[in-house]
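Asks: Provided herewith is a single structure, encoded as structure tokens, for subsequent inquiry.
The values are calculated or read from the model by the stated rules, or taken from the named source; none is laboratory data. Nothing here was measured: the structure is a model prediction, and the numbers come from that model. Note that we place each Cβ from the backbone using ideal geometry, even for glycine, and neighbour counts take in every protein chain shown. Note: accessible area is taken over every heavy atom of the protein model, side chains too, but ligands, DNA and RNA are not part of it. Shrake-Rupley method; radii C 1.70, N 1.55, O 1.52, S 1.80 Å.
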Amino acid sequence: METVTALQTSENVTMFSNVTGISATPGPSTLKMVFDIAINVMLITIMFGMGSITEIAPLLKHIKRPFGILIGMMSQFVVLPLVTFGLAHALTLPNVPALGMLVMGCCPSGSTSNVFSYWVDGDVPLSISMTTASTVLAFGLMPLNLLIYSGSWTDDNLVIPYINLLTAFAMTITPVLLGILLRWKFPKIAMVVVKIGSIAGALSVILNLTLLSLLYPFMYNASWKIYLGAFLLPFIGFLFGYVVASIFRMEHFQRRTVALETGIQNFPLCMTLLTLSFTKSRFAEISLFPLLYGVTCLLASVVFAVVYRVVNVIKGKVQKQEVMENCNGENIQEKIETENSVCRSIRF
């Protein structure tokens, strides 16, 4: 590969402008600027909210006994890159898009997984611990996995964006620590912040899906194989993450957390790596898979959360019916309320 220079980076930026019609130079368009600012603000708000629901004791427990974190890291950096490598070969993707798929599969988990873990009643302290750990471990394991698997499609050396990894780490850990402190000092205010963080999570999903489509419409011209791979990879990540956690007999709510952490990758980090590593002649093609994955991963995560909620509601109604049938008309309301509290903690 050509040595990465300021000129090459400039060419990549220019290519983005030519393909998308959106300027990525120091004077970005209003839409691009809104996208960048809004997503960063929402990310910080989400992490502040997730920190506000996190108690110190469970978090320290995961740190002192990192069994769950280690299982998650195995899913993230051992299972998923191998599965991605196999899927790219199974789809017989051309070299360039296959490499884009591999880079996506080797990235650490994204912060979006924390709010989805909250929505499915997962282990939020574990989710935060895994996101932080995967970002730190990515400094070594991401280039290692790329070195192991990329030889099938290229002999080039990829440029790991270490500065962006540091930024991702800071944007994850800082608002989380502030949220934990808020919960410790002002628990009532913290619960309001949690709701705000959850709302910001929902808005970020809508905003990401909308603006990705507006900024990069060329991604929808990809081949059906790239579409299929982008659709399958998040669900395969969820499946293998859940299976690995089940093999090690983690609690069901922790299995959901590991599944989400494994299936949701750091899409912006992947795009930065590709921008730094490839010239404009290759970048347009290699970015197709990561861009589509940015859309399908969010949609798959929404499906995951909706399925969980629907199943939970059905289980709750079944339990209410069983209570009413067994109450014989006495203390029905009291028993239903008791069952409601049980239903809210159901782990499937």
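Asks: Given the peptides 217-226, 264-273, arrange them by the average over their residues of other C-beta atoms within 10 Å, most packed first.
Replies: Numbers: 217-226: 15.2, 264-273: 24.0.
Peptide ranking by packing, descending: 264-273, 217-226.
Asks: Counting only the heavy atoms of the protein chains, how much of Ser277 is accessible to a 1.4 Å probe, in Å² to the nearest 10?
Replies: Number for this one is 0 Å².
Asks: Next question, about the same structure. Only Lys, Arg, Asp and Glu count, each charged at its Cβ (+1, +1, -1, -1), so figure out the dipole size of the chain about its Cα centre, rounded to 20 debye. The partial results should precede the final answer.
Replies: Values: 21 positive and 17 negative charges, 109 e Å.
That gives a dipole near 520 debye.
Asks: Further question: When the chain is treated as a GNM, springs tying every alpha-carbon pair under 10 Å, which of Gly197, Gly263, Gly86 comes out with the largest mean-square fluctuation?
Replies: Gly86
Asks: Considering only protein heavy atoms and a probe of 1.4 Å, how much of the accessible area of the chain is carbon and sulfur, as a whole percent? Can you show the working numbers first?
Replies: Details: 10850 of 16090 Å².
Answer for the chain is 67 percent, counting heavy atoms of protein chains only.
Asks: How large is ³J(HN,Hα) for each residue in region 171-182, as worked out from phi by the Karplus curve 6.51 cos²θ - 1.76 cosθ + 1.60 (θ = phi - 60°), to whole Hz, x for Gly and Pro?
Replies: Couplings: 6, 8, 6, 5, x, 5, 4, 5, x, 4, 5, 4 Hz.
Asks: Here's another thing I want to ask about it. What shape does region 79-184 have by the C-alpha gyration tensor, where a ≥ b ≥ c are the square roots of the eigenvalues, rounded means a/c under 1.5, and otherwise prolate means a/b greater than b/c and oblate the rest? Could the numbers behind the result be given before it?
Replies: Values: a/c = 3.34, a/b = 1.94, b/c = 1.72.
Prolate.
Asks: For the chain, what is the relative contact order in percent, using Cα pairs closer than 8 Å and at least 6 residues apart in sequence?
Replies: Details: 479 pairs, mean separation 99.3, N = 348.
Computed value for the chain: 29 percent relative contact order.
Asks: Counting only protein chains, not ligands or nucleic acids, how are Arg309, Arg249 ordered by accessible area (probe 1.4 Å), most first? Present the calculation step by step, with values, prior to reporting the outcome.
Replies: Details: Arg309 105, Arg249 205 Å².
Ranked list, largest accessible area first: Arg249, Arg309.
Asks: Can you give the accessible area of Val192, probe radius 1.4 Å, in Å² rounded to 10?
Replies: Near enough 80 Å² of accessible area.
Asks: Can you tell me which of 40-50, 153-163 comes out highest on packing, and rank the rest after it, using the mean Cβ neighbours within 10 Å?
Replies: Working: 40-50: 22.2, 153-163: 15.9.
By packing density, highest mean first, the sequence is 40-50, 153-163.
Asks: Cross-link partners among lysines for Lys320, C-alpha distance below 28 Å, same-chain residues fewer than 8 apart left out?
Replies: Cα-Cα hits under 28 Å: Lys195, Lys335.
Asks: Suppose R0 equals 25 Å; then what is the FRET efficiency for Val307 and Ser213 from their Cβ-Cβ distance, rounded to the nearest 0.05?
Replies: 0.55
Asks: Separate question: Largest first, what is the accessible-area ranking of His62, His252 with a 1.4 Å probe? Don't jump to the answer; show the numbers that get you there.
Replies: Numbers: His62 25, His252 70 Å².
Correct descending sequence by accessible area is His252, His62.
Asks: Here's another thing I want to ask about it. Convert each backbone phi in region 286-294 into a coupling constant with the Karplus relation 6.51 cos²θ - 1.76 cosθ + 1.60 (shift: θ = phi - 60°), then list the ³J(HN,Hα) values in order as whole Hz, x for Gly and Pro.
Replies: Couplings: 6, 7, 4, 5, x, 5, 5, 4, x Hz.
Asks: Amide H of Gln265: which non-local residues (sequence gap of 5 or more, or other chain) have their own amide H closer than 5 Å, using H built in the peptide plane?
Replies: Here Gly110 satisfy the definition.
Asks: Please check: in the Gaussian network model of the chain (C-alpha springs, under 10 Å), which one of Leu299, Leu215, Leu60 has the largest mean-square fluctuation.
Replies: Checking each option, the largest mean-square fluctuation is seen for Leu60.
Asks: Continuing with this model, one more query. Rounded, prolate or oblate for region 144-217? Axes are the square roots of the Cα gyration tensor eigenvalues, ordered a ≥ b ≥ c, and the cut-off for rounded is a/c under 1.5. Before the final figure, lay out each step's value.
Replies: On the way: a/c = 3.86, a/b = 1.75, b/c = 2.21.
The shape class here is oblate.
Asks: Specify the angular offset, from 0 to 90 degrees and rounded to the nearest 10, of the alpha carbon long axis of helix 6-20 from the longest principal axis of the alpha carbons in the chain.
Replies: 70 degrees
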